[in-house]
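Since the structure comes first, as structure tokens, the remarks are kept for the end.
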Amino acid sequence: IPEIEQVRSISRFGLSVVTIVFHDDVDIYWARQQVNEKLAEAKNNIPEGLGNPEISPISTGLGEIYQYVVHAKPGFEKKYTARELRSIQDWVVRRQLLGTPGIA
């Protein structure tokens, strides 16, 4: 599949989870279509009775996740401690993000 940035997997107690990370500019619906096509191929290689591969819905916690980092601008690195940056995240950035539609 093109445009993949990273693939991770874990298997435990009969459950396997594969996480595919695409580049940020990739359309999520295109990426899901590509993965669904590969899942259809994989289904043919799984013995009957052992389950079917599935893709999680976008709306779950396994869907889209955005990660960010709060850091001081160049030249101001020594002005803020890690604790102060955390406070900025908790009291400024978090509150601004919570006011954005679709952010939980």
Residue pairs qualifying under the 7 Å Cβ cut-off, at least six apart or on distinct chains, with the first in segment 39-56 being under 16 Å from ILE20 (Cα atoms) and the second being modelled with pLDDT under 85, are SER56/LEU62; SER56/GLY63
Residues of segment 10-60 being of a type in the set (S, T, N, Q) and under 13 Å from the mean Cα position of the chain (by Cα), in sequence order, are THR19, SER56, SER59, THR60
Residue pairs qualifying under the 8 Å Cβ cut-off, at least six apart or on distinct chains, with the first in segment 14-36 being within 18 Å of PRO53 (Cα to Cα) and the second being assigned to a helix (DSSP H, G or I), are ILE20/ALA31; ILE20/VAL35
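The values are calculated or read from the model by the stated rules, or taken from the named source; none is laboratory data. Not measured: the values here are computed from a predicted model. We place every Cβ from the backbone using ideal geometry, glycine too, and count neighbours over all the protein chains shown.
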